Amino acid sequence: MNDAIPDALPCRALSLSPAGQPLLLQLHQAGLAQDIASPEETGGAFLTRHWASSQAFVAVGACGAITRLIAPLLQGKGQDPAVVVVDPAGRFAIPLLGGHGAGAERLSQQVAALLGGQAVLTGASSGSGRLALDCFGTAWGWRRGSGEWDGLMQAAARGQQPVVQQTSGSPLWRELEAAQQLSSASDGAAPLLVISDQPGTGCRWHPPSLWVGVGCERGSSVTLLERAVLGALQAAGLAPEAVAGLCSADRKGDEPALLALAAEHQWPLRLFSAAQLAVVPVPTPSAAVEREMGTASVAEAAALLAAGPGGCLRQAKRIERCRSGESGAATAAVAAAAEQWAPQRGQLHLIGSGPGELALLTPDARAALAISTVWVGYGLYLDLLEPLRRSDQLRCDGQLTLERERCRQALELAAQGLTVALVSSGDSGIYGMAGLALELWLALPADARPGFTVHPGISALQLAAARAGAPLMHDFCTISLSDRLTPWETIETRLRGAAAGDFVVALYNPRSRGRDWQLARACALLLEQRSGDTPVALARQLGRPDEQVSLHRLSNLPVAEVDMLTLVLIGNSTTRIQDGRMVTPRGYPGADLA
């Protein structure tokens with residue numbers, strides 16, 4: 001069973017000719033297309049059969065032919081699925097229908113990244129490097145609210161940018177290159193774009209920042225609970241689209257109506273013990289509730305706890321009683337958090353960027369970068385990927401040694417509902433960020449974890465071996481000489497073990513200004529059990545314009561030429577250098593390779 005690409009828009013794929021079948025298989029194998037048309041079914045029949053039940057289609061063929069096939073099926077801008085057209089060679093991905101609202105532009109970027117092609121975006125916003133105001137908020141974890149969105153987009157296409165007002169949600173989006181033309185200055189003639197937890201005039205995006213605390217009698221009806229929640233929001237002048245989740249006492253964790261309401265609206269449900277709730281100061285405590293629940297407040301205290309530090313109560317508890325045909329009673333209160341929270345919408349992608357050359361970036365990593373709203377990483381590694389970044393994607397640079405801080409930043413953004421790429425050089429799972437990020441992710445409560453996906457990259461070890469010849473044809477190991485996280489005594493033990501086992505050895509982090517003796521010591525340890533003629537490859541700046549690869553012998557290795565940008569690859573007892581190439585036989589002398 002194929003694993004779908006995280007954040008991918010579920011789509012079906014078809015081809016108008018046999019020439020496109022390999023592309024369909026590629027999309028399906030990558031998990032981007034969940035269903036593909038068989039060669040026996042015509043494109044028209046496939047589209048007609050699935051049109052009403054699909055969110056998106058990728059069609060391989062000519063734009064004109066696809067247009068004629070979908071024309072009789074069109075129902076309206078708000079009902080039609082996204083349609084992306086790809087040429088049979090996979091060079092171009094064109095959003096033909098539903099570019100913004102249905103997500104065709106985003107899908108075309110994913111398809112192009114996966115196939116190694118180019119997304120051809122013809123929309124007014126994309127073509128001019130501006131934000132698509134009617135859909136960009138989704139990438140930031142927000143829900144779209146009311147407003148004359150068509151009029152807003154038409155005004156923006158005429159060059160009349162809206163006035164922006166923001167009272168909730170992440171402000172980081174204002175740092176986007178594509179957002180620099182937007183203004184917060186008042187202009188009575190300009191349309192209004194509002195980012196808020198309240199409904200009202202203008203076109204509105206609603207960040208997930210509201211927590212609704214709920215208390216109820218056993219057996220309360222789901223209609224009663226829904227009325228209580230929506231009534232509390234309405235009384236406070238707050239938008240249901242801005243709800244981050246529901247919360248209550250842990251004794252209500254099996255209440256059928258509460259679980260049904262959370263599931264229906266896709267609201268996370270957070271539960272707190274009576275001891276946690278009892279210490280929260282609230283405006284309307286109840287002695288009766290305290291006798292029954294062990295805490296003087298459920299709805300208000302739960303809402304404030306869920307909102308976290310800096311949260312404030314926006315609506316004190318309201319009591320909702322049953323109507324005809326219902327049972328039970330409920331209370332609801334609303335608190336606003338200082339930061340948005342929607343881990344169920346967020347994704348963290350651990351990207352292995354490869355050694356640096358874009359041609360060596362895997363299609364899987366390209367596709368993840370294409371759908372990520374924010375890129376987090378060390379500046380040098382992000383510089384290497386910069387040609388792929390769009391103006392609607394934010395870059396967050398970090399310092400080289402502050403790995404834990406970068407992981408925390410990326411996780412926090414993903415927990416807010418964003419899709420985040422955390423970038424390492426080489427392979428993220430080999431001396432990269434994947435392990436630390438996963439440890440921090442696992443330390444979070446289960447309901448606070450965003451999606452987590454590791455995308456492999458080409459490691460320096462692999463490219464060094466490819467440049468040197470074929471030195472990894474037998475067992476090998478990698479050892480980092482950095483004693484910043486590993487005691488040197490442990491590193492020496494591993495070096496002696498590698499020498500005793502006659503492994504080909506790749507040394508990472510071999511030498512720096514502050515650690516200038518470790519490489520010489522490592523060579524001395526290996527020479528205790530290995531010939532001085534053992535071949536060694538020094539590979540520096542791999543995959544970059546200043547790449548240098550040179551072959552040496554272990555006994556006279558030019559240690560002074562090695563730095564942190566160098567990988568040292570040391571052969572085993574059978575490795576040899578011949579005609580400028582380093583090769584390790586697949587077996588030892590006398591081995592039967594038949």
Point to revise | Antiparallel DSSP beta bridges within the chain, as percent of all bridges there, nearest 5 | key: 40 percent
Review point. How are the C-alpha pair distances of the range 210-336 spread across 5 Å bins, as whole percents from the shortest bin up?
Key: 2, 13, 25, 27, 21, 10, 2, 0, 0
Review point. Label Q160 and Q180 with points 7 Å out from Cα along Cα→Cβ: what is the distance between them in nm?
Key: 2.6 nm
Exercise for review: Would you mind giving the three semi-axes, in whole Å and largest first, of the ellipsoid equivalent to the chain according to its Cα gyration tensor?
Suggested key: 51, 33, 23
Check your understanding: Given +1 on the Cβ of Lys and Arg, -1 on the Cβ of Asp and Glu, and no further charges, what dipole in debye does the chain carry about its Cα centre, rounded to the nearest 20?
Key -> 320 debye
Exercise for review: Filter the DSSP H helices in the chain by two things, a Kyte-Doolittle mean of at least 0.5 and an axial alpha-carbon span of 15 angstrom or more, and list the hits by number.
Suggested key: 222-235
**Study point:** Length added when fully stretched, R321-R68, from 0.36 nm per residue minus Cα-Cα
**Key:** 85.5 nm
Practice item. Evaluate 2.2 N^0.38 Å with N set to the residue count of the range 11-122, then give the Cα radius of gyration divided by it. Key: 0.93
**Study point:** Percent of C-alpha pairs per 5 Å bin, the range 284-413, short to long
**Key:** 2, 9, 13, 14, 11, 9, 7, 7, 7, 8, 6, 4, 2, 0
Revision key, fill the gap. Computed about the Cα centre, the charge dipole of the range 1-160 from +1 Lys/Arg and -1 Asp/Glu charges at the Cβ has a magnitude in debye, to the nearest 20, of 300 debye
Point to revise | For the range 556-565, Karplus couplings with θ = phi - 60° (6.51, -1.76, 1.60), whole Hz, Gly/Pro x | key: 10, 5, x, 4, 5, 7, 8, 9, 5, 8
Review point. What fraction, in whole percent, of alpha-carbon pairs in the range 188-248 exceed 17 Å separation?
Key: 47 percent
Exercise for review: With just the Cα atoms of the range 286-358, tell me how far they stretch along each of the three principal axes, in Å, largest first.
Suggested key: 67, 33, 22
Study note, to complete from the structure: Charge dipole of the chain built from unit charges on the beta carbon (Lys, Arg +1; Asp, Glu -1), centred at mean Cα; most positive-end Cα among A464, I371, N572 is I371
Check your understanding: Which residue, chosen from L361, A71, G44, occupies the Cα position most advanced towards the positive end of the dipole of the chain, where the dipole is computed from +1 (Lys, Arg) and -1 (Asp, Glu) charges on Cβ about the Cα centre?
Key -> A71
Revision key, fill the gap. The equivalent-ellipsoid semi-axes of the range 492-594, taken as the square roots of five times the Cα gyration tensor eigenvalues and listed largest first in whole Å, are 24, 18, 11
Check your understanding: When the C-alpha atoms of the range 422-510 are aligned to their principal axes, what extent does each axis show, in angstrom, from largest down?
Key -> 47, 32, 20
Practice item. Identify, among G103, L172, A185, the residue whose Cα sits farthest towards the positive end of the charge dipole of the range 53-207, taking +1 on the Cβ of Lys and Arg and -1 on the Cβ of Asp and Glu, with the dipole about the Cα centre. Key: G103
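Bear in mind that the values in this text are calculations on the coordinates, not laboratory data. All values reported here derive from a predicted model rather than from experimental measurement. With ideal geometry, Cβ positions are generated from the backbone for all residues, glycine too; neighbour counts draw on all protein chains shown.
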